[in-house]
């Protein structure tokens, strides 16, 4: 027959059980559940996304400088975001007609895809051929002749992407093909994840899109290089080497308004009202006097008037002296 416990022993046993339960509750805190989208898995970590952003930030600055110089107008290129989607979702989002450039990679398997708004390419063609550059152009397919005209721009894009990636891993991108219809483009399986780098190009009040897509299986062998250490090294190198040259190039591509003041005078309102045809207005400057040449509204040079062919011109004779700068300001 088993031993019968006394009331004191029963109370001690219950107290011990309660203490064990409280200890377990403290040692195992509640962990909140995290949502996971099995349809859109995040194959690229946030740290690697930041490194990709740093790489393509450098490209956007280089490309903006190149466009501003080549098109003779101020162009701004901005990196908007980097997203991960399936290739089927990306294909469905592509418009028709489009400008799609397949980029082969010697160092990695697979191909990348460069998508540029065809309206922007038509604007580029117009500017390169000497036109005024109308940004309000209806989207249409790029003809073979227009493709040849803008090929220099496309090759520059590829070269600049190779340049910024060289600091992490050389891609050696090359142009592998061109298509206007997205249904003829297949850089990955429909369910494969791709990383898309979204840019916008702003010029003369208009905004155009440009996207760069990399399949995940293409970047997978070099994912370990897209780390925080790589990002820090890349940022430091861009700061030390790229910034002064970049600023100088952008300044050289900037436009300034130049004004030449032929002469000026002051008249009363009564004289102005009494003006008639063939009246002569005497100016406060001799014909042999030098003209003021102003840059951005500030006097910087003196010049003399003349002609070049059928055009009127001003020849820069000398710069303004520090003493004159104090007087005219």
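Derivation of every value follows stated rules applied to the coordinates shown; laboratory data play no part. Predicted model only: the values in this text are computed from it and were never measured. Don't worry about glycine lacking a Cβ; one is built from the backbone with ideal geometry, like all the others, and counts go over all protein chains shown.
Results, tabulated for the structure shown:
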{"item": "Spin-label zone in the stretch 72-112 - amide nitrogen under 19 Å from a point set 7 Å from the Cα of residue 255 along the C-beta vector", "result": "72-77"}
{"item": "Volume per residue that the Cα convex hull of the stretch 258-328 spans, once the total is divided by residue count, Å³", "result": "138"}
{"item": "Additional length obtainable on full extension of the chain from residue 94 to residue 4, 0.36 nm per residue less Cα span", "result": "24.3 nm"}
{"item": "Amide N of the stretch 51-84 lying under 20 Å from the label point, which is placed 7 angstrom from the Cα of residue 156 along Cα→Cβ", "result": "56-79"}
{"item": "Gain on full stretching of the segment that runs from residue 206 to residue 225 - 0.36 nm per residue minus C-alpha separation", "result": "3.2 nm"}
{"item": "The stretch 46-253 shape via C-alpha gyration tensor axes, a/c threshold 1.5", "result": "oblate"}
{"item": "Ranking of 158, 327 by count of other Cβ atoms within 10 Å, fewest first", "result": "327, 158"}
{"item": "Neighbour-count order for 153, 269, 85, fewest beta carbons within 10 angstrom listed first", "result": "269, 85, 153"}
{"item": "Gained length - residue 13 relative to residue 137, 0.36 nm times residue gap less alpha-carbon distance", "result": "36.0 nm"}
{"item": "Neighbour-count ranking [beta-carbon atoms within 10 angstrom, fewest first] of 90, 328", "result": "328, 90"}
